[in-house]
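Step one of this worksheet: look at the structure below.
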Protein chains: 2
Amino acid sequence: MYEPRKATTPSRHAERAAYDEKTVHEILDEALLCHVAFVANDHPQVLPMLLVRIGSTAYFHTSTGSPMARTAAKTGAVDITLEVSILDALVLARSAFHHSANYRSVIAHGEATLVRSEQAKREVLDALMEKLLPGRSGVVRPPASDELRRTAILALELTQVSAKVRTGPPADDPDDVALGCWAGLVPMSEIRLTPVPSPDLAQGIEVPSCLRADVAGD
Amino acid sequence: MYEPRKATTPSRHAERAAYDEKTVHEILDEALLCHVAFVANDHPQVLPMLLVRIGSTAYFHTSTGSPMARTAAKTGAVDITLEVSILDALVLARSAFHHSANYRSVIAHGEATLVRSEQAKREVLDALMEKLLPGRSGVVRPPASDELRRTAILALELTQVSAKVRTGPPADDPDDVALGCWAGLVPMSEIRLTPVPSPDLAQGIEVPSCLRADVAGD
């Protein structure tokens, strides 16, 4: 259980907030992309990043020349908010006002720090690769030391963190339920389609089995 | 063509940046969610929001009590960065280092302002509804005036805006191409599944045709 705090209590729909590790971790583990906010030149910034969680730490990587990496290198840490959202359904109510979305989101605040050791960087990048595609980290050429030096990995300890989840049907006003308009959910899903080999792939190299198993929606 | 500026020139992979209206607008029009960064209590914040574009303005809505809406109400505007990203494919290279993602993203900076008139608010909410589901705004109960008063709509003029797009196969180092590892793309797609009627939906109300047409991946 993560401790609820002022910064992690939603200003609206606080009943949708969740702080248990299972809920928070499952959302972070399902989402490939996170969105990381930081302040640069006194302005708010936000960038999409590939995300991986290990234990109660969220990791993302960037180039060593990025503003976040440079701030962390100079001052030891960079103040960020990391957000993940998964859209599960459009919620179609009878009234325009009660239209909504079913979603699962996580927001985490804190000071992100650079992962310094080569071994720790390798572990994070392997975990990210395994998240994208189980088994992949064992078959590719591992990062060379100079490639690792050009990669900045930022770590955010999950302490100020909460999930927010909406599920279920539309919540129409009682007076609207009798309207003749269709109401319900339009579920949404992100799927993986048939792999496309690289044009320079040698003959006879088969699609890895982990990828074939992934092709569910095609 | 949006004018390239210092704030909209990527620090990495500047060759992936695009400033033409067609590219920028198509990404904003396809993505349902945007991620809006702002500063509150001296910390960077980011929230997911439903997004609609009209002309060269991006709109999102929130409750009137949200930090962004309150700042805009008090000072006339709130400094934000709005970001949208669509994940098109995982890019699987022979080397761990060159693994990547094909994506289309938009980042826009500026001062968001409140939409004040009831008529203008109605137009934005109708456009948002039509984006979610064409034809829907004509069949639902329109917002009552008090519902509109409880809804804050923020507008961001697209002036400091750029798209960033990666397409194509993995970019392996020449020495890695001969490795025996599969390389290529795993395309990804967000699809809509079979609509689920609300439990309190009256008998005989059919799923709207616009929804039936949407069911492509089920």
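The numbers here are math on the coordinates, done by the rules we state, and not lab data. Please read these numbers as outputs of a predicted model, since none were measured by experiment. Glycine gets a Cβ as well: all are built from the backbone with ideal geometry, and neighbour counts include every protein chain shown.
Between the C-alpha center of the stretch B:44-62 and that of the stretch A:67-135 there is a gap of 19 Å. Potential lengthening of the chain between A:SER209 and A:ASP146 amounts to 19.6 nm, from the contour at 0.36 nm per residue minus the alpha-carbon distance. For chain A, set up a Gaussian network in which alpha carbons nearer than 10 Å are linked by springs, and say which option among A:PRO197, A:PRO67, A:PRO48 fluctuates the most. Among A:PRO197, A:PRO67, A:PRO48, the largest mean-square fluctuation in the Gaussian network model of chain A belongs to A:PRO197. Here the contact order of chain A, divided by its residue count and restricted to Cα pairs under 8 Å and six or more residues apart, works out to 25 percent. Computed from backbone phi, the HN-Hα couplings of the stretch B:5-10 come to 9, 4, 5, 10, 9, x Hz, rounded to whole numbers (Karplus: 6.51 cos²θ - 1.76 cosθ + 1.60, θ = phi - 60°; Gly and Pro given as x).
Specify the residue with the greatest mean-square fluctuation among B:LEU128, B:LEU33, B:LEU90, computed from a Gaussian network of chain B linking alpha-carbon atoms under 10 Å apart. Its mean-square fluctuation being the largest, the pick is B:LEU90. Taking chain B as a Gaussian network of alpha-carbon nodes connected by springs under 10 Å, the highest mean-square fluctuation of the residues B:ASP200, B:ASP126, B:ASP79 belongs to B:ASP200. Peptide A:77-84 shows a mean partner chain C-beta count of 3 within 10 Å per residue C-beta. Inter-copy label distances at B:GLU190, using a point 7 Å along Cα-to-Cβ, come to 0.8 nm with the shortest given first. For B:GLU21, A:GLU206, the sequence from fewest to most other C-beta atoms within 10 Å is A:GLU206, B:GLU21.
When only Cα pairs below 8 angstrom with a gap of at least 6 residues are kept, the stretch A:1-112 shows a relative contact order of 23 percent.
The residues packed around B:VAL115, meaning those with a beta-carbon under 11 Å from its beta-carbon, carry a net charge of +1 if Lys and Arg are +1 and Asp and Glu are -1.
Per residue of chain B, the DSSP helices (runs of n ≥ 4 H) give a summed -39500 (n - 2.57) that works out to -6000 deg cm²/dmol at 222 nm. Among the residues of B:167-180, the average count of other protein chain beta-carbon atoms within 10 Å of the residue beta-carbon is 3. Its relative contact order, with pairs defined as Cα atoms under 8 Å and 6+ residues apart, puts the stretch A:73-179 at 36 percent.
Each residue in A:LYS164, A:LYS131, A:LYS6 was given a count of other beta-carbon atoms within 10 angstrom of its own, and listing them fewest first yields A:LYS6, A:LYS131, A:LYS164. Number of Lys-Lys pairs in the stretch A:6-189 with C-alpha atoms under 18 Å apart and a separation of 8 or more places or on different chains: 4. How fast does the stretch A:1-53 diffuse by Stokes-Einstein, in µm²/s, taking the Kirkwood radius from C-alpha pairs at 10 °C and 1.306 mPa s? Once the numbers are plugged in, D ends up at 121 µm²/s. Given in Å, the Rg to one decimal and the Dmax to the nearest whole number for the Cα atoms of the protein assembly as shown are 22.1, 69. With a simple spin-label model that places each label point 7 Å from the Cα along the Cα-to-Cβ direction, the separation between A:ALA40 and A:THR159 comes to 2.6 nm. Projecting 7 Å from Cα along the Cα-to-Cβ direction, the label point of A:ALA178 sits 8.0 nm from its equivalents in the other copies, listed shortest first. Pairs of alpha carbons in the stretch A:92-218 separated by more than 26 Å make up 56% of all such pairs. Distance between the 7 Å Cα→Cβ label points at B:MET1 and B:ALA127: 2.5 nm. Quotient of the Cα radius of gyration of chain A and 2.2 N^0.38 Å, N being its number of residues: 1.22. Position B:ALA144: other-copy label points at 6.9 nm, ordered by increasing distance, label point 7 Å along Cα→C-beta.
Within 10 Å of the Cβ of each residue in B:16-29, the mean number of Cβ atoms contributed by other protein chains is 0.
Neighbour counting of Cβ atoms within 10 Å sorts the residues B:TYR59, A:TYR2, fewest neighbours leading, into A:TYR2, B:TYR59.
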